[in-house]
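J.: Take this structure first; my questions come after.
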Protein chains: 2
Amino acid sequence: MKLYNFHRSSASYRVRIALALKGVEYEYVPIKLSVDPQSEQLRPDYAALNPQRMVPLLEDGPVRISQTLAIIDYLDRRWPEPPLYPADDAGRSRVMSIAAYIASEIQPLPCLRVELHLRDAFGFDRQKLSAWRTHWIDVGFSAVEQMLSSPDTGRFCHGDQPTAADCYLVPQVSNARRARVDLTPYPNIARIVAACLELPAFSGTVAEAMPDHEPMTAH
Amino acid sequence: MKLYNFHRSSASYRVRIALALKGVEYEYVPIKLSVDPQSEQLRPDYAALNPQRMVPLLEDGPVRISQTLAIIDYLDRRWPEPPLYPADDAGRSRVMSIAAYIASEIQPLPCLRVELHLRDAFGFDRQKLSAWRTHWIDVGFSAVEQMLSSPDTGRFCHGDQPTAADCYLVPQVSNARRARVDLTPYPNIARIVAACLELPAFSGTVAEAMPDHEPMTAH
């Protein structure tokens, strides 16, 4: 099995965590995202594998899957233990709602391809990009913080075992830290992320630990 | 069961289609999204139900679910017939990937809350907003069109029965038509949407057929 991914992509990191929680081995195929118009995810050979021109992409024999919610759903069916979604319907829905909120309403806005477009098509400078990034992370984390103010929250986002929700939360917080967002207003988020990072599945799959890691350059 | 939703919200329309395909009755609770700072999804009583402050929200007894991927997953488990995901792993992953791509990479960019922020925080005028909207719909539809150029595509996005992928595609095309995006470059998309709209589950749940429908006003 191959995971086409990029060390600093938060979507890639979600899947690395899920694979690590399940103890599944895979081949790490780096796809370098950059500000270059020839950035690797846009090249024809990769676009033929993944028309979405994004990372990550999971390849398991003849099956190729893009989009992290679909990849994690697949992993959870193929390797059921430990489960990444609770067995009860209400718990499963809560975990998936948190994951999908991060996937659809936070991450897509302050991401590289959108920021490049704001810069190139609308002349956003660093200050405007920073304001854009901070705004959407704050809007998103306010909602997540409120969702986590629930008796269903435990040591992790849902109870005392990591679930898919944690696989989404921790990478989004890595992004937020890079963007220097103040996490003080989000004590539940900060506490849960700290608990996650005590586990090797989370701390061992961070960008800095990946084979393609290199220091960030500004764009 | 209640569906808090808004006639013109494409995310709401996805769930209306899914409920109609399954023949499930529900109470339609309109939540009016508007450019008003007191827009209904932001009011404290609704935010207490849904901290994400978005529509749709499904309420089934004590279970409340936001995010369409989580809602459709729930509906598909609670009312398995007709299934909205194929039974085979590869098919399920393909359908979920198309749905999640639309949910995470297309819809969140040219949507009301983002466009209001671009207008209010960055001074985007109508022309810039239109360029923003058209750009992301075109980027997204190019990818979807390529994904649909597959032998797995049939009368619908996956084979000859509607799936979750169609529940996402048709509302996104409604949005694109409102934005006057030219669909000529996307013949697979146009053909499949036409096939879907021959079914009452799709044509009977459009914005214009909803009890809260009113003509669009510009923002």
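J.: Going by the conditions given, is A:Y46 on the phi < 0 side of the Ramachandran plot, within 14 Å of another protein chain (Cβ to nearest Cβ) and of a type in the set (F, W, Y)?
T.: Values: on the phi < 0 side of the Ramachandran plot: yes; within 14 Å of another protein chain (Cβ to nearest Cβ): yes; of a type in the set (F, W, Y): yes.
Yes; evaluated as a whole, the condition is true for this residue.
J.: Which number in (1) among the hydrophobic types (A, V, I, L, M, F, W, C); (2) more than 14 Å from every other protein chain (Cβ to nearest Cβ); (3) buried (at least 23 other Cβ atoms within 10 Å of the Cβ) marks the one condition that A:V29 misses?
T.: That leaves (3) as the condition not met.
J.: Looking only at the range B:82-105, filter to residues that are among the small types (G, A, S) and part of a helix (DSSP H, G or I); which one of those is farthest from A:L58 (Cα to Cα)? Give the derivation first.
T.: Of the residues in the range B:82-105, the ones among the small types (G, A, S) are B:87, B:90-91, B:93, B:97, B:99-100, B:103-104.
If we keep only those that are part of a helix (DSSP H, G or I) too, we end up with B:90-91, B:93, B:97, B:99-100, B:103-104.
Working: B:A90: 12, B:G91: 15, B:S93: 11, B:S97: 11, B:A99: 17, B:A100: 15, B:A103: 19, B:S104: 18 Å.
This residue is B:A103.
J.: So B:V24 fits all but one of (1) hydrophobic (A, V, I, L, M, F, W, C); (2) touching a helix residue (DSSP H, G or I) at 6+ places or on another chain (Cβ under 8 Å); (3) more than 20 Å from B:F202 (Cα to Cα); (4) surrounded by fewer than 18 Cβ atoms within 10 Å (Cβ to Cβ); what number is the exception?
T.: Against the list (1) hydrophobic (A, V, I, L, M, F, W, C); (2) touching a helix residue (DSSP H, G or I) at 6+ places or on another chain (Cβ under 8 Å); (3) more than 20 Å from B:F202 (Cα to Cα); (4) surrounded by fewer than 18 Cβ atoms within 10 Å (Cβ to Cβ), B:V24 comes up short only on (3).
J.: Let me ask another. Which of the residues belonging to the range A:107-117 are of a type outside the set (K, R) and either at the interface with chain B (Cβ under 9 Å from one of its Cβ atoms) or more than 12 Å from the chain's Cα centre (by Cα) (or both)? Please lay out each step first, then the result.
T.: Restricting attention to the range A:107-117, the residues satisfying the condition of being of a type outside the set (K, R) are A:107-112, A:114-117.
A:Q107, A:P108, A:L109, A:P110, A:L112, A:V114, A:E115, A:L116, A:H117, listed by residue number.
J.: Quick one: which of B:A47, B:A100 is surrounded by fewer than 24 Cβ atoms within 10 Å (Cβ to Cβ), of a type in the set (A, V, I, L, M), free of Cβ contacts under 8 Å to residues at least 60 places away in the same chain and farther than 22 Å from B:E214 by Cα?
T.: B:A47
J.: Hey, could you check the range A:86-97 for residues that are crowded, with 23+ Cβ neighbours inside 10 Å and in contact with an Asp or Glu (Cβ under 8 Å, 6 or more places away or on another chain) and say which is farthest from the other protein chains (Cβ to nearest Cβ)? It would help to see each step written out before you state the result.
T.: The first filter runs over the range A:86-97 and keeps only residues crowded, with 23+ Cβ neighbours inside 10 Å, leaving A:93-97.
After this cut, where a residue has to be in contact with an Asp or Glu (Cβ under 8 Å, 6 or more places away or on another chain) as well, the list is A:93-94, A:96.
Numbers: A:S93: 4, A:R94: 8, A:M96: 4 Å.
Restricting to residues being crowded, with 23+ Cβ neighbours inside 10 Å and in contact with an Asp or Glu (Cβ under 8 Å, 6 or more places away or on another chain), the top hit is A:R94.
J.: Still on this structure, please answer the following. What do you reckon, is B:V193 buried (at least 18 other Cβ atoms within 10 Å of the Cβ), out of contact with any strand residue (DSSP E or B) (no Cβ under 6 Å at 6 or more places or on another chain) and either of a type in the set (V, I, T) or on the phi < 0 side of the Ramachandran plot (or both)? I'd like the intermediate steps shown before the answer.
T.: On the way: buried (at least 18 other Cβ atoms within 10 Å of the Cβ): yes; out of contact with any strand residue (DSSP E or B) (no Cβ under 6 Å at 6 or more places or on another chain): yes; either of a type in the set (V, I, T) or on the phi < 0 side of the Ramachandran plot (or both): yes.
Here the answer is yes, as B:V193 does meet what is asked.
J.: Starting from the range B:10-35, take each residue that is over 14 Å from B:V55 (Cβ atoms) and list its partners that are of a type in the set (S, T, Y) and modelled with pLDDT under 95, counting only C-beta distances under 8 angstrom and pairs at least six apart or across chains.
T.: If the second residue must be of a type in the set (S, T, Y) and modelled with pLDDT under 95, no pairs are left.
J.: Would you confirm whether or not the range B:136-144 contains a residue that is within 24 Å of A:W132 (Cβ to Cβ), more than 8 Å from every other protein chain (Cβ to nearest Cβ), surrounded by fewer than 18 Cβ atoms within 10 Å (Cβ to Cβ) and of a type in the set (A, V, I, L, M, F, W, C)?
T.: Scanning the range B:136-144 turns up at least one residue that is within 24 Å of A:W132 (Cβ to Cβ), more than 8 Å from every other protein chain (Cβ to nearest Cβ), surrounded by fewer than 18 Cβ atoms within 10 Å (Cβ to Cβ) and of a type in the set (A, V, I, L, M, F, W, C).
J.: Collect the residues in the range A:68-82 that are in contact with a Pro (Cβ under 9 Å, 6 or more places away or on another chain) and within 19 Å of B:Y101 (Cα to Cα), keeping them in residue-number order. It would help to see each step written out before you state the result.
T.: Our first condition is that a residue be in contact with a Pro (Cβ under 9 Å, 6 or more places away or on another chain); within the range A:68-82, this holds for A:68, A:71, A:76, A:82.
Those that are in contact with a Pro (Cβ under 9 Å, 6 or more places away or on another chain) and within 19 Å of B:Y101 (Cα to Cα): A:T68, A:I71.
J.: Check the range A:54-71 and report whether any residue there is of a type in the set (V, I, T), closer than 24 Å to A:A164 by Cβ and facing another protein chain (nearest Cβ under 7 Å). Don't jump to the end; show me each part of the working.
T.: Taking the range A:54-71 and keeping what is of a type in the set (V, I, T), we get A:55, A:63, A:65, A:68, A:71.
Then keep just the ones that are closer than 24 Å to A:A164 by Cβ; that gives A:55, A:63, A:65, A:68, A:71.
Pick out the ones that are also facing another protein chain (nearest Cβ under 7 Å) and you get A:63, A:65.
Yes, because at least one residue in the range A:54-71 is of a type in the set (V, I, T), closer than 24 Å to A:A164 by Cβ and facing another protein chain (nearest Cβ under 7 Å).
J.: Something else: Check A:P162, A:P211 and return the single one that is over 26 Å from B:L109 (Cβ atoms), crowded, with 22+ Cβ neighbours inside 10 Å and touching a Pro at 6+ places or on another chain (Cβ under 9 Å). Give the derivation first.
T.: On the way: A:P211 fails: crowded, with 22+ Cβ neighbours inside 10 Å.
Criteria check complete, one pass: A:P162.
J.: Let me ask something else about it. How about the range A:50-62: which of its residues are out of contact with any strand residue (DSSP E or B) (no Cβ under 7 Å at 6 or more places or on another chain) and surrounded by 16 or more Cβ atoms within 10 Å (Cβ to Cβ)?
T.: Just the residues of the range A:50-62 that are out of contact with any strand residue (DSSP E or B) (no Cβ under 7 Å at 6 or more places or on another chain), to begin with: A:51, A:53, A:60-62.
Those that are out of contact with any strand residue (DSSP E or B) (no Cβ under 7 Å at 6 or more places or on another chain) and surrounded by 16 or more Cβ atoms within 10 Å (Cβ to Cβ): A:P51, A:R53, A:D60.
J.: Scanning for something part of a helix (DSSP H, G or I) and in contact with a Pro (Cβ under 6 Å, 6 or more places away or on another chain), does the range A:109-132 turn up at least one residue?
T.: no
J.: Now, a different point. Just give me the residues in the range B:118-131 being within 10 Å of another protein chain (Cβ to nearest Cβ) and either under 17 Å from A:W136 (Cβ atoms) or in contact with a strand residue (DSSP E or B) (Cβ under 8 Å, 6 or more places away or on another chain) (or both), in sequence order.
T.: Listed by number, the residues that qualify are B:L118, B:A121, B:F122, B:F124.
J.: Might you check whether a residue that is within 16 Å of A:S9 (Cα to Cα), among the aliphatic types (A, V, I, L, M), surrounded by fewer than 22 Cβ atoms within 10 Å (Cβ to Cβ) and in contact (Cβ under 8 Å) with a residue 12 or more places away in the chain occurs anywhere in the range A:171-179? Step through it out loud before you land on a result.
T.: Of all residues in the range A:171-179, those within 16 Å of A:S9 (Cα to Cα) come to A:171-179.
Imposing the further condition that a residue be among the aliphatic types (A, V, I, L, M) reduces the set to A:173, A:176, A:179.
With surrounded by fewer than 22 Cβ atoms within 10 Å (Cβ to Cβ) added as a condition, the list becomes A:179.
Restricting the remaining residues to those that are in contact (Cβ under 8 Å) with a residue 12 or more places away in the chain gives A:179.
Within the range A:171-179 (the criterion being within 16 Å of A:S9 (Cα to Cα), among the aliphatic types (A, V, I, L, M), surrounded by fewer than 22 Cβ atoms within 10 Å (Cβ to Cβ) and in contact (Cβ under 8 Å) with a residue 12 or more places away in the chain), the answer is yes, since at least one residue qualifies.
J.: Something else about it: Would you be able to tell me the number of residues in the range B:63-72 that are surrounded by fewer than 24 Cβ atoms within 10 Å (Cβ to Cβ), without any contact (Cβ under 8 Å) to a residue 12 or more places away in the chain and within 20 Å of the chain's Cα centre (by Cα)? Explain how you work it out, then say what you get.
T.: Filtering the range B:63-72 for residues surrounded by fewer than 24 Cβ atoms within 10 Å (Cβ to Cβ) gives B:63-64, B:70.
From what is left, the residues that are without any contact (Cβ under 8 Å) to a residue 12 or more places away in the chain are B:63, B:70.
Those still in the list that are within 20 Å of the chain's Cα centre (by Cα) too: B:70.
Count: 1.
The values are calculated or read from the model by the stated rules, or taken from the named source; none is laboratory data. Source: prediction; values computed, not measured. Positions of Cβ are backbone-derived with ideal geometry, glycine not excepted, and every protein chain shown enters the neighbour counts.
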